[in-house]
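What follows is one structure encoded as C-alpha cells, with my remarks underneath.
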Amino acid sequence: MKRMITTLQKHLTLILAGAACMVSFLSGSCWAQANETMFDLYENNRKEGVGNYITEDFVLLGNSLLLSQTLANIEEKVLLPKYKEFIQGTLEALEKKQGNKEITAQNIRYVRLVKALLDMTPVAEITDQLLQQDLSSIIQADGVKESVLMGYQMDFSRFKPRGRYTRSEEMSSWFRAMTWSGMAFFPLKSSKATAISNELADRLTSQALELAQIIRGNQALATRYREIDSLLFLLFGSVEDMTWQDYLTAAGKGGQTDIRSLRGRMFTFAGKNKKIARIHDGIVATDQLEKGQTAGEVLSGMRLFPMRSSKDSAAFQKLVYPSVTRYTGNTQEPLPFTAITLGTDVVKGFPRGLELMWLLGSQTAGEQIERGQDSKYKKYSQMWKEARNELAGPANVVINTKLMRDWLLNGTKADADRRLNSMLGYWTWGRYTSLLFTKQSVTGVSKSFQLPSERTAAWLEPATSLYLNILKDIRKLLAAVQQISPESTDPLQRYADLLAQLISIAKAEQAGLQLKEEQINVLNNLDATFYSIIGAKDQPIVVDVHTEVNSQKVLEEGLGYAKRIETSKYSQKLRGALFTHFEFKQPMDARMTDELWRERLVQQAAPAVSPEGKK
C-alpha cells in the first residue's frame, strides 16, 4: 500500500470555539490568550494581583498531570526493568530449548527484535537480514507494509514515539518495544482479508504455543509476566485478546494434536470466552472477508502483552465502517468531517470525540453531531445503541467513563456546553496518558520576577460531585500503587489531601458561607501547590485515537493553550482557565507529536471551521 505524502491537514476542528472562545456558555466574560498555559495564567494572576478563579478544568488538569507523572515514574522504575528481565529471560530460555528448530528460530527472532529495540541497537549492527528489515521499518515508522517476521501487513506508523515517550531515547525505545509486544499478534484464523494463509496461521500458532510453554515452564518468567500484567490491569483494565494462559488452557482440552485442529479448538475457546476482538487493531480488507467471517474473528489470537480494551475505542469501532456504512446525505454538498470515499461510495471512516460525549449523555454533543450530518449513515442508529452498551460496566482510573457520564448528565441547559468542554479535555488527557497501553480503533480497509500584589478574594467552581469522583479515583490508584511502587505514593497522598480541602471549600460556597482567609490562600496558591506535588506544568498535547487506513489518515485530539474566563466575586474581578479542545485529521505516516503540535499552534493559530466539522 502506497504511503501518502501530504501537507498538514488544513481543517482543524476546535470543539465549541474558534480562535476566540464562545461567551454564551460561560458565567462571565471570556477571551483567548495566545500561548498561555493554565499554569501561566494563574502565575500571571499572582504577578498582576488578580484573584484566582479555580475552574473545574484546572482541578481536572491537576488530576491528569498527576496520573501522567505517576505512570511515567512507574514505567521507568517498575515496568521497564521488569519487562527487560522478562525479555532477557525468554530469550535465554529459547536459546536453550530443544524441539522444533524452525519454530524456535522464528521465536528467537521475534524476541531478539524486542531486545534490539530495548538496547537501542543500531540497525546496521544487526546481521540477521529478516530481523534487520522489521527493525528498520519500526525505527523509520514506515507506514503500512508487510512485517517479514510476522508475514502480514502492519501499520508501522504506530511505532513513532509520541507524547511523553519523546522525552528520552530510553522511553522511545520502551515505547517501540511495548508497541511490538501489543501489536504483533499470532492469529488463529486464515483469511484473504488479512492475507494470512493456513500455513502461516499454523506456523504463528505453533510459535505462540511455544512461547506460552516457555513462560509456564519458567517460574521467574511467569512471575515477571504476572507482575507486569496485574499492574496494567489495575491502571487500564482488562484485555480482550487471547493470552498465553488461554492458549495453554484451550490446547490442553481434547485429543487432537495436529496444529490445525488445535487452532480450531482454540478459536472455539475464544468465542465461548469472549476473546473475539471487538476493537479491530489491525489491517483487514473487509471486502475480502469470507462469507460468515468478521473482522474481529480474523484479528483474534495471542499477543504477548495485549493492549488493554478501552471502552471508548470499543464504542468508536461500532461507529465506523463496516459497522456503519453508506452516507445518506447529499454527496454534492460538503461532506461531513467523518466521511471518506471508498470506491464509489461515501462511508463513515472516522468517529468523533463528540460522539463519545453524546453516548455518555451530552445532548449538546448530539445536537452538534446531527447538525454536522455526522449521523447520516446507514445503520447509524442501530450501531449508536450498540456503542452505548460498550460503555457500560466498571470504569478505570485513567478514563473514568462513570465520572464523565455523571458530570454530563447532572448539569443544566445553561452549563451544558461548559461541562462538555471539560469532559473533552479530561478524555483527551486520558487518551494521552494511556497511549501505549490501550487499543486503537481502526476503520476497515478497502518572564522577569515581580513581587506579587496582595490578593484578598478567590473562588472555586463548586463542582463538588466531580471532585468527589476524582478523589475516589485517586484513592483507588493510591491503594494499587502502594502495592507495587510504595515510593510513588507520596504525590498521590498529598493530592488526595488537597482534594479533600477543595471539596470542603466547594461545600462552603454552595452553602453560601464566606470563605475564610486560609481557604482563599489555598485557592490563590493552588497552581504553586499543584506544581510542588506533581513537579510538572501543562503544555499543549495531542494524541491520535483512531486509524483510518483507506484514506491513510488518523483522528487526532489536541489540547491547545488555555482559554481565559473571568467572574466577579466579593466585588472583585477573578480570573481562571478552561481547556481548549481541537479535533482534526492527520496523515497516518505523519502522526502528530507534542513538539510539532506546539510549533503549529505558535506559528499559525489553528484555523477554525464550523462546529459541525465540515471538510
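The values are calculated or read from the model by the stated rules, or taken from the named source; none is laboratory data. Predicted model only: the values in this text are computed from it and were never measured. FYI the Cβ positions are ideal-geometry reconstructions off the backbone, even for glycines, and counts take in every protein chain you see. Side chains included, ligands, DNA and RNA excluded: accessible areas come from the protein's heavy atoms. Shrake-Rupley method; radii C 1.70, N 1.55, O 1.52, S 1.80 Å.
The residues of the stretch 265-286 that are open to solvent by less than 50 Å² (accessible area, probe 1.4 Å) and farther than 28 Å from residue 588 by Cβ, listed by number, are 265, 266, 267, 269, 270, 271. Listed by position, the strands (runs of 3 or more DSSP E) contained in the stretch 478-595 that have at least 2 residues being closer than 30 Å to residue 157 by Cα and modelled with pLDDT of 95 or more are 541-548, 553-559, 581-587. Annotation: residue 340 fulfils all but one of (1) in contact with an Asp or Glu (Cβ under 8 Å, 6 or more places away or on another chain); (2) in a loop (DSSP other than H, G, I, E, B); (3) hydrophobic (A, V, I, L, M, F, W, C); the unmet one is (2).
Which one of these is under 15 Å from residue 548 (Cα atoms), touching a helix residue (DSSP H, G or I) at 6+ places or on another chain (Cβ under 7 Å), of a type outside the set (Asp, Glu) and modelled with pLDDT of 95 or more: 322, 351? One residue alone meets the criteria, 351. Note on the stretch 111-138: among residues that are in a loop (DSSP other than H, G, I, E, B) and either in contact with a helix residue (DSSP H, G or I) (Cβ under 6 Å, 6 or more places away or on another chain) or among the aliphatic types (A, V, I, L, M) (or both), the one that is least open to solvent (accessible area, probe 1.4 Å) is 126.
Selection of the stretch 139-167 for residues being part of a helix (DSSP H, G or I) and over 20 Å from the mean Cα position of the chain (by Cα) yields 139, 140.
Selection of the stretch 409-431 for residues being among the hydrophobic types (A, V, I, L, M, F, W, C) and open to solvent by 20 Å² or more (accessible area, probe 1.4 Å) yields 409, 414, 416.
Going through (1) within 24 Å of residue 89 (Cα to Cα); (2) not in a loop (DSSP other than H, G, I, E, B) one by one, residue 271 falls short only on (1). Could you go through the stretch 367-377 and let me know if any residue there is among the acidic types (Asp, Glu), open to solvent by 70 Å² or more (accessible area, probe 1.4 Å) and over 26 Å from residue 419 (Cα atoms). No, there is no match, as no residue in the stretch 367-377 is among the acidic types (Asp, Glu), open to solvent by 70 Å² or more (accessible area, probe 1.4 Å) and over 26 Å from residue 419 (Cα atoms). When 262, 289 are screened for being open to solvent by 30 Å² or more (accessible area, probe 1.4 Å) and in contact with a helix residue (DSSP H, G or I) (Cβ under 8 Å, 6 or more places away or on another chain), only 289 passes. Of all residue pairs spaced 6 or more apart or on separate chains, those with beta-carbon atoms under 6 Å, a first member in the stretch 354-376 that is more than 21 Å from residue 390 (Cβ to Cβ) and a second member that is hydroxyl-bearing (Ser, Thr, Tyr) are 376/328.
Which pairs turn up if I take residues in the stretch 116-141 that are at positive phi and look for partners that are among the charged types (D, E, K, R) and part of a helix (DSSP H, G or I) with beta carbon separation below 8 Å, at least 6 apart in sequence or on another chain? Close Cβ pairs satisfying both conditions: 120/169; 120/170; 141/158; 141/589. Across the stretch 65-81, the number of residues qualifying as at pLDDT 95 or above and not hydrophobic (A, V, I, L, M, F, W, C) comes to 1.
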